[in-house]
Amino acid sequence: MRSSRRQLRAVARLAAWLLAGAAPGFAAAERSPAHHAVPPTEDAITVDGRLDEKAWRDALVVTLDYEVRPGENTTPPARTEMLVTHDRRQLYVAFRAHDPDPEAIRARLADRDQAWGDDIVGITIDTFNDERRAFEFWVNPLGVQLDLFYDDLSGSEDSSWDALWESAGRLTDGGFEVEMAIPFSSLRFPKSSGPQTWGFDAIRFWPRDRDYSFRSQPQDRDRSCYVCQFSKMTGFAGISPGRNLELNPTLTGGRTDRRELGEPELEAGSADGDAGLTVRWGLTPNLTLDATLNPDFSQVEADVAQLEVNNQFALFFPEKRPFFLEGADFFQTPFNVVHTRQIADPDFGLKLTGKQGKNAIGVFVAEDATTNLLIPGSQGSRLASIAEENAVAVLRLRRDVGKNSAIGLLVTDRQGQGRYENRVAGIDGLFRFTDSDNLRFQFLGSQTRYPDELARQLGQPQGDFDDVAYRLAYRHNSRGWNGYATYESIGTDFRADLGFMPRGDRSFWVAGIERQWWGEEGDFWSRLWVGSDYDVTEDQSGQLLEREFETWGSLLGPLQSFASVRYGRRERFFNGRSFEESFRQIYFELRPTGDVFFGMFARRGDNIDFAGTRPGKQLLLEPQVRWNAGIRLKLSLNHTFDRLDVDGGTLFTANLSEVRAVYQFNRRMFVRLISQFLDLERDPSLYAFPVDARSQDLLNELLVSYKLNARTAFFAGYSDNYRSDDRFDLVQTNRTLFMKIGYAWVM
């Protein structure tokens, strides 16, 4: 208890010092957003990266006059103009990016959404002018596309959103030029026969010794919202997305050969083929309907390698399947109640998303052939499965409140053919009561029933059971300092089986403060910040699970470098024992050249052996290297070294490596090789149950991809797995050949 009081006093002293030392907050002059009229055109534009058509001579010209990073609304070191016009079918955007040193421009061929780190220009568009959500369209100097969806209410960007649009770019003697043609059928906007007003931001990313960002309007660092600071453009009278009907049939085929360890050879599998159909229909300019029949949800990219050794809770893997990614931002809430990877093998799906006035709506239904479960707990989580189909339904409603706030409703329903069911319903909201302060909340209730036999096996309640979860979070973000305080409670019997909530039966609170300084011209650093927080976690019976104090410092510096150090002390309770722990960790990254990236995370400190319920000392190292070998070839290496020492010796040493090599023939075609290798050594004498002294796993994947656009694509590939343990050397356990082709008809 003395330790806890000392930590609380330390937090209080640090907070007092931070606040006392804070300079008066920077207050940018109040500015009304600039308004620009976008002239229409009837002249043809060929998207080739050459701005030589008459339409561009008559277009709106917007200059990017503000360096907002690392400078604060200063004059940019490079000049940039954005040109905008439109006809009845498409929005046309172009950029002239001048450069004082054209040889320093970073431009590489890449797959769509993979050109980050290059010079990039783009436009972000708030088509509903509600200052809450926006479409983002970016292009590098070679015309590689990046598109995202930005939600200002959650502060998140969704790079999985893919639109159908054209782009081209070319290097010039004095910089580069790009063109974009964005069909109105790829956007959502209010229905109107007259002129419309849209919010927008024109941006240029200029990576040199530091990461520079130029914009078309100033950025107030004392305002925590982004879209609310956009400029406005008016025009677009009479535009319409048209019928906006897209048909995307797919054909897949493959064969997998398998064998168990100890068998002499692989057993040949049968060749399988299947056809599916996905339909996307713009019912109105505001509402989109997506439907899929007999979908192919096979992934064409391996999950990022993660160590599954000495983990207390289930690992998170992101969604990658196109149908579920479309409009996924509609279903995001503070608690992760909707995580569609829980839908393992669907036969069909139907989704409706859109916005009408102040109301946003998201609905989807699906039928899943497998019922996967994540059973949460206060000290660990478990995975389970029911061999039966289930039907899924999700409803999300959100209404804008005031200028930058919102309130929402979420309902999920999952029912199996037997006696399984899970329902979750609740409300959430975000209220911005100053430019820098906001309050976010969510309250949920669940009702669940597991089959009796499964409930007995997993130690879950018999029959129907229910519980609640709620969360309240305050956050302050301003130029000089940040602060936050959060309280959440998840009931013992609360279940969100369609989401990812591995930690249950707990109450948690945290409070923290962070002071930050911004560098000026001539400083070797761009940004410096220090902070500290304190948190306490208990289960619902009041048993302390964790009490932790952390403090940190971070720095942005030259060579696009970032460095962060962190120190913490905590008391943890696990499986009837209490543990006193301390840890130190450091992370840094830099780009010594525009083609080479290096990063390193290191952690040294106390950790628990969860299998043996005993204290240990952990050393965790995670280096990563990326090299752009010219404009076509990209190589990367990520490695994890994890060692845990306990009384008596080293419990385990794990080495996990992932190598990726991508050769990009052009903007549409690439070949990629991924290899993941795990080497795990254990000391069997230190375990209370049998383990292998050494085991190895090797995954290889070769993929050839050709994409005409985001949904017209051809994939062909090969993958295999190898395993070894104390009995067998590394041996191939499966191999797969696969092919997928999809074509998008737009009507």
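Quick look at the numbers
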read-out: Residue count for the stretch 103-136, restricted to those that are surrounded by fewer than 22 Cβ atoms within 10 Å (Cβ to Cβ), part of a strand (DSSP E or B) and either in contact with a Gly (Cβ under 6 Å, 6 or more places away or on another chain) or free of Cβ contacts under 8 Å to residues at least 24 places away in the same chain (or both); value: 1
read-out: Residue tally, condition under 15 Å from PRO183 (Cα atoms), assigned to a loop (DSSP other than H, G, I, E, B) and in contact (Cβ under 8 Å) with a residue 40 or more places away in the chain, over the stretch 151-170; value: 3
read-out: Answer from ALA406, ALA393, ALA425 - the residue that is in contact with a strand residue (DSSP E or B) (Cβ under 6 Å, 6 or more places away or on another chain), outside any loop (DSSP other than H, G, I, E, B) and at pLDDT below 95; value: ALA406
read-out: Residues located in the stretch 41-76, provided they are surrounded by fewer than 16 Cβ atoms within 10 Å (Cβ to Cβ), touching a residue at least 60 places away in the same chain (Cβ under 8 Å) and acidic (Asp, Glu); value: ASP48
read-out: Any hit, the stretch 574-589, residues being surrounded by 15 or more Cβ atoms within 10 Å (Cβ to Cβ), touching a residue at least 60 places away in the same chain (Cβ under 8 Å) and in contact with a strand residue (DSSP E or B) (Cβ under 8 Å, 6 or more places away or on another chain); value: yes
read-out: Filter result for the condition that a residue is assigned to a loop (DSSP other than H, G, I, E, B), small (Gly, Ala, Ser) and more than 33 Å from the chain's Cα centre (by Cα), over ALA44, ALA55; value: ALA44
read-out: Neighbours by Cβ (under 6 Å, 6+ apart or cross-chain): first from the stretch 721-742, in a loop (DSSP other than H, G, I, E, B); second among the aromatic types (Phe, Trp, Tyr); value: LEU730/TYR722
read-out: Matching option when the condition is surrounded by fewer than 20 Cβ atoms within 10 Å (Cβ to Cβ) and either without any contact (Cβ under 8 Å) to a residue 60 or more places away in the chain or not assigned by TED's automatic domain parsing to the domain that holds LYS191 (or both), among ARG79, ARG89; value: ARG79
read-out: Flag if GLN540 is closer than 30 Å to SER381 by Cβ and modelled with pLDDT of 95 or more; value: yes
read-out: Members of the stretch 360-405 found to be surrounded by fewer than 21 Cβ atoms within 10 Å (Cβ to Cβ) and within 19 Å of ARG440 (Cβ to Cβ), listed by number; value: LEU397, ARG399, ASP400, VAL401, GLY402, LYS403, SER405
read-out: Residue list for the stretch 667-690, filter: surrounded by 18 or more Cβ atoms within 10 Å (Cβ to Cβ) and of a type outside the set (Phe, Trp, Tyr); value: ARG667, ARG672, ILE674, GLN676, LEU678, LEU680, ARG682, LEU686
read-out: Residue within the stretch 565-581 that is within 30 Å of ARG208 (Cα to Cα) and either assigned to a strand (DSSP E or B) or among the basic types (Lys, Arg) (or both) present; value: yes
read-out: Yes/no for GLY605 being in a strand (DSSP E or B), within 16 Å of TRP552 (Cβ to Cβ) and either in contact with a strand residue (DSSP E or B) (Cβ under 9 Å, 6 or more places away or on another chain) or not acidic (Asp, Glu) (or both); value: yes
read-out: Residue ID - surrounded by the most Cβ atoms within 10 Å (Cβ to Cβ), chosen from residues in the stretch 492-546 that are touching a helix residue (DSSP H, G or I) at 6+ places or on another chain (Cβ under 6 Å) and outside any loop (DSSP other than H, G, I, E, B); value: SER532
read-out: Subset of the stretch 441-459 [charged (D, E, K, R) and either part of a loop (DSSP other than H, G, I, E, B) or surrounded by fewer than 20 Cβ atoms within 10 Å (Cβ to Cβ) (or both)]; value: ASP452, GLU453, ARG456
read-out: Number of the condition not met by TYR212 [criteria: (1) hydroxyl-bearing (Ser, Thr, Tyr); (2) under 26 Å from GLU326 (Cβ atoms); (3) part of a strand (DSSP E or B)]; value: (2)
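The values are calculated or read from the model by the stated rules, or taken from the named source; none is laboratory data. Since we're looking at a predicted model, the values are computed, not measured. Cβ sites come from the backbone with ideal geometry, for glycine too, and all protein chains shown count toward neighbours.
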